[in-house]
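Asker: I'd like to ask you about the structure that follows.
The values are calculated or read from the model by the stated rules, or taken from the named source; none is laboratory data. This structure is a prediction, so every number in the text was calculated from the model and none was measured. Note that we place each Cβ from the backbone using ideal geometry, even for glycine, and neighbour counts take in every protein chain shown.
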Amino acid sequence: MKKKSISVPVLMYHKVGEPTVNKVLNVSESDFRRQIRFLHGLGYEAVTFAETVAGVYGDTPLPKKPLCLTFDDGYQGLMKHAKPILDEFGWKATLFIPTKWTGQMNYWCQHHEKPLSQLIGLDDIGELHKQGWEIAGHTHSHVHLDRIGIEEAEKEIAFGTSGIKGIIGRAPLTFCYPYGGFNQDTIALVKKYGYIGACTTKSGIAKKTGDPYLIPRVKIATRDGIAGLIYRIWIRPLLG
């Protein structure tokens with residue numbers, strides 16, 4: 001039975017096993033494997049972000065030690081390196097996709113002089129969905145929602161929502177603000193389009209006392225091994 005005081009670490013990953021030239025937000029395959037093996041050994045069970053929202057802020061039962069893994073954008077390393085490892089442990093995760101760039105490169109990074117990487121395509125996304133992964137909203141073209149007008153922001157959220165529905169056959173349940181950018185207008189739009197919760201890039205753990213549309217996450221960085229994982233899950237959130 002779900003405890004009233006339950007909290008869930010929501011891990012934020014981007015790239016896994018990318019070449020060293022694309023090391024921005026990348027975790028090596030070996031580090032990822034060690035992290036998942038370590039967490040599994042501690043008794044954690046993986047749940048989707050939608051299940052996290054429903055369990056923490058609603059009455060849906062969760063495992064005794066729930067853990068949520070999220071992957072932003074859908075880089076190809078997800079299928080090549082991360083998923084096979086998660087499959088070994090029977091774990092699922094949540095993928096936030098900007099629908100405009102499906103099967104292409106992360107062209108939104110060109111404006112920030114960051115390296116380009118290949119993104120997974122429709123077939124892979126559909127396969128993940130069939131295997132129990134959650135496919136969730138991340139706008140249409142990966143924009144700063146807090147830096148554009150409300151009409152443009154609504155189009156981004158609307159197109160991203162309908163795009164995912166076209167891929168998996170139903171509207172996504174949860175949302176991730178690109179770059180962690182949001183304001184009161186964008187939060188209202190996320191609610192308008194039927195999302196039950198949304199996550200940010202702020203550091204912290206999902207708790208019932210928080211806002212389900214401003215859920216913090218545990219950012220896993222390039223140099224994090226087991227020590228970094230321990231710090232980010234159990235120490236960093238306490239520092240505010």
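Asker: Let me confirm something: among PRO84, PRO61, PRO66, which residue is out of contact with any Phe, Trp or Tyr (no Cβ under 9 Å at 6 or more places or on another chain) and either among the acidic types (Asp, Glu) or in contact (Cβ under 8 Å) with a residue 60 or more places away in the chain (or both)?
Answerer: Numbers: PRO84 fails: either among the acidic types (Asp, Glu) or in contact (Cβ under 8 Å) with a residue 60 or more places away in the chain (or both); PRO66 fails: out of contact with any Phe, Trp or Tyr (no Cβ under 9 Å at 6 or more places or on another chain).
Matching residue, one of PRO84, PRO61, PRO66: PRO61.
Asker: Any residue at all in the stretch 164-173 that's in contact with a Phe, Trp or Tyr (Cβ under 9 Å, 6 or more places away or on another chain) and exposed (fewer than 15 other Cβ atoms within 10 Å of the Cβ)? Please lay out each step first, then the result.
Answerer: Taking the stretch 164-173 and keeping what is in contact with a Phe, Trp or Tyr (Cβ under 9 Å, 6 or more places away or on another chain), we get 171-173.
Next, from what is left, pick out any that are exposed (fewer than 15 other Cβ atoms within 10 Å of the Cβ): 171.
Checked against the condition, which is being in contact with a Phe, Trp or Tyr (Cβ under 9 Å, 6 or more places away or on another chain) and exposed (fewer than 15 other Cβ atoms within 10 Å of the Cβ), the stretch 164-173 yields at least one hit.
Asker: Checking the structure you have, find out if any residue of the stretch 94-116 is in contact (Cβ under 8 Å) with a residue 60 or more places away in the chain and within 23 Å of ARG232 (Cα to Cα).
Answerer: Yes: the stretch 94-116 contains one or more residues that are in contact (Cβ under 8 Å) with a residue 60 or more places away in the chain and within 23 Å of ARG232 (Cα to Cα).
Asker: Return yes when LYS192 is without any contact (Cβ under 8 Å) to a residue 60 or more places away in the chain, closer than 26 Å to ASN22 by Cα and out of contact with any Asp or Glu (no Cβ under 6 Å at 6 or more places or on another chain) and no when it is not.
Answerer: Values: without any contact (Cβ under 8 Å) to a residue 60 or more places away in the chain: yes; closer than 26 Å to ASN22 by Cα: no; out of contact with any Asp or Glu (no Cβ under 6 Å at 6 or more places or on another chain): yes.
Here the answer is no, as LYS192 does not meet what is asked.
Asker: Any idea which residue in the stretch 61-97 is surrounded by the most Cβ atoms within 10 Å (Cβ to Cβ), counting only those that are part of a loop (DSSP other than H, G, I, E, B) and among the small types (Gly, Ala, Ser)? If you could, list the steps in order and put the result at the bottom.
Answerer: We begin by selecting, within the stretch 61-97, every residue part of a loop (DSSP other than H, G, I, E, B); these are 61-65, 73-74, 76, 90-93.
The next check asks that each one be among the small types (Gly, Ala, Ser); those that pass are 74, 90, 93.
Values: GLY74: 27, GLY90: 10, ALA93: 23.
Going through the qualifying residues, I end up with GLY74.
Asker: Follow-up question, since we're still on this one. Determine, yes or no, whether LEU116 is in contact with a helix residue (DSSP H, G or I) (Cβ under 7 Å, 6 or more places away or on another chain), within 30 Å of PRO84 (Cα to Cα), hydrophobic (A, V, I, L, M, F, W, C) and at pLDDT below 95. Give the derivation first.
Answerer: Working: in contact with a helix residue (DSSP H, G or I) (Cβ under 7 Å, 6 or more places away or on another chain): yes; within 30 Å of PRO84 (Cα to Cα): yes; hydrophobic (A, V, I, L, M, F, W, C): yes; at pLDDT below 95: yes.
Yes, satisfied.
Asker: Might you let me know whether the stretch 127-146 holds any residue that is surrounded by fewer than 16 Cβ atoms within 10 Å (Cβ to Cβ), acidic (Asp, Glu) and closer than 26 Å to PRO66 by Cβ?
Answerer: For the stretch 127-146, residues surrounded by fewer than 16 Cβ atoms within 10 Å (Cβ to Cβ), acidic (Asp, Glu) and closer than 26 Å to PRO66 by Cβ: present.
Asker: Wholly within the stretch 121-219, which strands (runs of 3 or more DSSP E) include no fewer than the required count, namely at least 3 residues that are aliphatic (A, V, I, L, M) and at positive phi?
Answerer: Working: elements: 134-137, 174-176, 197-203, 215-219.
Strands (runs of 3 or more DSSP E) meeting the threshold: none at all.
Asker: Mind checking which residues of the stretch 189-203 are of a type outside the set (Val, Ile, Thr), surrounded by 14 or more Cβ atoms within 10 Å (Cβ to Cβ) and more than 14 Å from the chain's Cα centre (by Cα)?
Answerer: LEU189, LYS191, TYR193, TYR195
Asker: Suppose the filter is at pLDDT below 95 and either farther than 29 Å from PHE32 by Cα or surrounded by fewer than 20 Cβ atoms within 10 Å (Cβ to Cβ) (or both); does GLY225 pass it? Let's see the steps before the verdict.
Answerer: Values: at pLDDT below 95: yes; either farther than 29 Å from PHE32 by Cα or surrounded by fewer than 20 Cβ atoms within 10 Å (Cβ to Cβ) (or both): yes.
In short, yes.
Asker: If you go through the stretch 15-25 one residue at a time, do you hit one that is among the small types (Gly, Ala, Ser), in contact (Cβ under 8 Å) with a residue 40 or more places away in the chain and in contact with a helix residue (DSSP H, G or I) (Cβ under 8 Å, 6 or more places away or on another chain)? Show your work before the answer.
Answerer: First, the residues of the stretch 15-25 that are among the small types (Gly, Ala, Ser): 17.
Going one step further and asking which of them are in contact (Cβ under 8 Å) with a residue 40 or more places away in the chain, we end up with 17.
In the following step, the residues that additionally are in contact with a helix residue (DSSP H, G or I) (Cβ under 8 Å, 6 or more places away or on another chain) were identified as 17.
Checking the stretch 15-25: at least one residue is among the small types (Gly, Ala, Ser), in contact (Cβ under 8 Å) with a residue 40 or more places away in the chain and in contact with a helix residue (DSSP H, G or I) (Cβ under 8 Å, 6 or more places away or on another chain).
Asker: Sticking with this structure for a sec: Looking at the stretch 91-116, which of its residues are farther than 21 Å from GLU134 by Cβ and polar (S, T, N, Q)? It would help to see each step written out before you state the result.
Answerer: Of the stretch 91-116, the ones farther than 21 Å from GLU134 by Cβ are 104-105, 107-116.
Of everything in the stretch 91-116, those that are farther than 21 Å from GLU134 by Cβ and polar (S, T, N, Q) turn out to be GLN104, GLN110.
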